[in-house]
Amino acid sequence: MKRKSKLIGIATFLLFAFAAVYMFGQFDGRAGHETLLVKEAVAAETKPLISPVKARGRDFYTPNSEDLGPDEMRLIACGTGMPTARPKQAASCWLLELGNGDKFIFDIGTGSNERIAAMQIPYNYLDKVFLSHLHTDHFGDLDALFVSGALAGRQKPLRVWGPSGETPERGTKYALDHLRKALTWDLDGRQGLTDPRGYHLEVTEFDYKGMNQIVYQENGVTIRSWPAIHALDGPVSFSVEWNGLKFVFGGDTYPNKWYDKYARDADLAIHECFVAVPDLITKFKFTPQTALAVGTQIHTAPEAFGKVMSLIKPRMAVAYHFFKDFDTTASINDRIRTTYDGPLSLAVDYMVWNITKDDIRVRMAKVDEDVWPPPATEKPQLPDPKIRIPYSDMIKGGKYDMKDVIQPTYDEINKKYGIKEKQG
Ligand SMILES: [Zn+2]
Ligand SMILES: [Zn+2]
């Protein structure tokens, strides 16, 4: 009896000892980890590791689906291609969003306005545009953003910053004064119809020769410019400094010493990188002479892009200004890699970079092609219908009488929204 209870005592002790070792193992780094791995492996035999009903994390960005962190920059390529905009690539346009709520558009090239629309951002937040130079592939959709933005909820002027030129006629102010004049019929025809506050341009022209000069400083954000070398005097490059992060947008330029100096320490640096010369001849149909001049002297050749990035060593180098196809990308990449082996993004429209001090995440955005305007951030201001510019009697006289078929729509809307509108 005594012997039996002694055996039970030893067995109980061993049981507790094993339990203690097991428990300790749970908290001891390696032993616990191995135990857990064994447990997971056993569990995996009975339960799938991936749920058949729960969503997994995405590898792409969908607009209006993610908060922006307070210390985060989000950059979205809204145009990366050539002056001949195409469905896959609009011309130069970059949307930079900061964690403090500020948003900036760098260049608004041909075709890019629809990419901006795809981001589903209320237009009141899209009121600041910085132009690197006045080629249409860098500002050709400014008219579209100006007018459609005002129509779709920008209740304030569109602010535009851009460089001067060697003569006043080659400067941003001249270009936009005349763009405004070219829109006379468009803007006159909208008077008295919609919220009038967005149909104004506020232009700030700064000296294209300024060296790392501050062209914007608000809300903790500093934007600087320095000269670029491209086509004529006038083009510039920009940097944005905010919250310990630095973003650089080079615009169009031949490699130059100022970019080398002022783009250093960039977290993300964009520099143009043109289509390789052989492809400019065979695919873009340039003559060999033009291809050499444009592809290496007016713009930056891929090998030269690589050399620039090897000098400034950004956390992420971004190349743009080429058609990124299955048969052009390899040659651009190979040529860049002869002179640069650091982090690299070969940009295409809808590429997205999330930039923090610890990480730069690169993804593609998947957009809704059926997108409608986002809601306005403030209550719309009703226009004064008295300032409508009337048709002439001759044109007015051509109207059919449609009052009887339209009246039910007035009745329906008046009843639904408690208003008392009358047909004109
Ligand atoms: Zn250009
Ligand atoms: Zn360009």
Worksheet item: Counting only DSSP beta bridges with both residues in the chain, what percent are antiparallel, rounded to the nearest 5?
Response: 60 percent
Item to complete: Could you list, in their original order, any pairs among K386/K420; K257/K324; K283/K307; K88/K324; K379/K415; K128/K261 whose Cα atoms are separated by more than 19 Å?
Response: K257/K324; K283/K307; K379/K415; K128/K261
Worksheet item: Under a Cβ-Cβ limit of 4.7 Å, which cysteines in the chain have nobody to pair with?
Response: C273
Worksheet item: Among the DSSP beta bridges whose two residues both lie in segment 308-424, what percent are antiparallel, rounded to the nearest 5?
Response: 60 percent
Worksheet item: Along segment 194-202, what does the Karplus equation 6.51 cos²θ - 1.76 cosθ + 1.60 (θ = phi - 60°) give for ³J(HN,Hα), rounded to whole Hz, x for Gly and Pro?
Response: 9, 3, x, 6, x, 8, 9, 9, 10
Worksheet item: Add -39500 (n - 2.57) for each DSSP H run of 4 or more in the chain, then divide by its residues: what number comes out at 222 nm, to the nearest 500 deg cm²/dmol?
Response: -9500 deg cm²/dmol
Response to the item:
Ranked on Cβ counts within 10 Å of their own Cβ, fewest leading, R190, R337 go R337, R190
Discussion item. Checking the a/c ratio against 1.5 first, then a/b against b/c, what shape does the Cα gyration tensor give for the chain?
Written reply: oblate
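The numbers here are math on the coordinates, done by the rules we state, and not lab data. Predicted model only: the values in this text are computed from it and were never measured. Neighbour counts run over all protein chains shown; Cβ positions are idealised from the backbone, glycine included.
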